[in-house]
Amino acid sequence: MKSTNARTSTRPARIQGKRLFTFAVIADTHVNKEERISTSPFPSTALTNARARYAFAAVNAARPAFVVHLGDLVNPVPAQPTYAAAAERFLKLSRGLTPPAPSRSRQP
């Protein structure tokens, strides 16, 4: 039986030497209502807004075709009174994500 090597796989990783597309995955941003203040018992959670901004800037620099957020967008759970304000803060921060302009080279 012939062994299969990943380098000799018949799956095309690229077409005509170009990537088909790239995408970004973000998870667990846990954005808080206010900067450096969190209802979580974990001290590092007070830094999540700054980390979210950093992640969004890194995604923008990569210029992916699309972004997927896996969940845990905000820190407080919906039952907490600070949930709505944290959700608004997440929306404000995530507006910094700039999707790429549609490619003009693709014709239907």
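Please count how many residues of segment 23-45 are in contact with a strand residue (DSSP E or B) (Cβ under 6 Å, 6 or more places away or on another chain) and surrounded by 11 or more Cβ atoms within 10 Å (Cβ to Cβ).
Adding up the residues that qualify gives 4.
For segment 64-74, check the following and say yes or no: at least one residue is part of a helix (DSSP H, G or I) and at pLDDT 90 or above.
The answer is no, given that none of the residues of segment 64-74 is part of a helix (DSSP H, G or I) and at pLDDT 90 or above.
Looking only at residues that are of a type outside the set (V, I, T) and in contact with a Phe, Trp or Tyr (Cβ under 7 Å, 6 or more places away or on another chain) in segment 74-93, which one is farthest from S38 (Cα to Cα)?
Applying the filter and picking the extreme gives L93.
Considering only residues that are farther than 13 Å from V25 by Cα and aliphatic (A, V, I, L, M), look in segment 58-85 and name the one that is surrounded by the fewest Cβ atoms within 10 Å (Cβ to Cβ).
Here the residue is A79.
List, please: which pairs have Cβ atoms under 6 Å, are six or more places apart or on different chains, and start with a residue in segment 16-30 that is within 16 Å of N60 (Cα to Cα) and modelled with pLDDT of 80 or more and end with one that is among the β-branched types (V, I, T) and outside any loop (DSSP other than H, G, I, E, B)?
Once the first residue is within 16 Å of N60 (Cα to Cα) and modelled with pLDDT of 80 or more and sits in segment 16-30, its partners that are among the β-branched types (V, I, T) and outside any loop (DSSP other than H, G, I, E, B) give A24/V59; A24/V67; V25/V68.
Can you tell me which residues in segment 48-57 are among the hydrophobic types (A, V, I, L, M, F, W, C) and either under 30 Å from R19 (Cα atoms) or surrounded by 17 or more Cβ atoms within 10 Å (Cβ to Cβ) (or both)?
A52, A55, F56, A57
Being more than 30 Å from R19 (Cα to Cα), part of a helix (DSSP H, G or I) and modelled with pLDDT under 90 narrows it down to one residue among T45, T39; which is it?
T45
The values are calculated or read from the model by the stated rules, or taken from the named source; none is laboratory data. Being a predicted model, the structure only gives us computed values, none of them experimental. Glycine also receives a Cβ, built like all others from the backbone with ideal geometry; neighbour counts cover every protein chain displayed.
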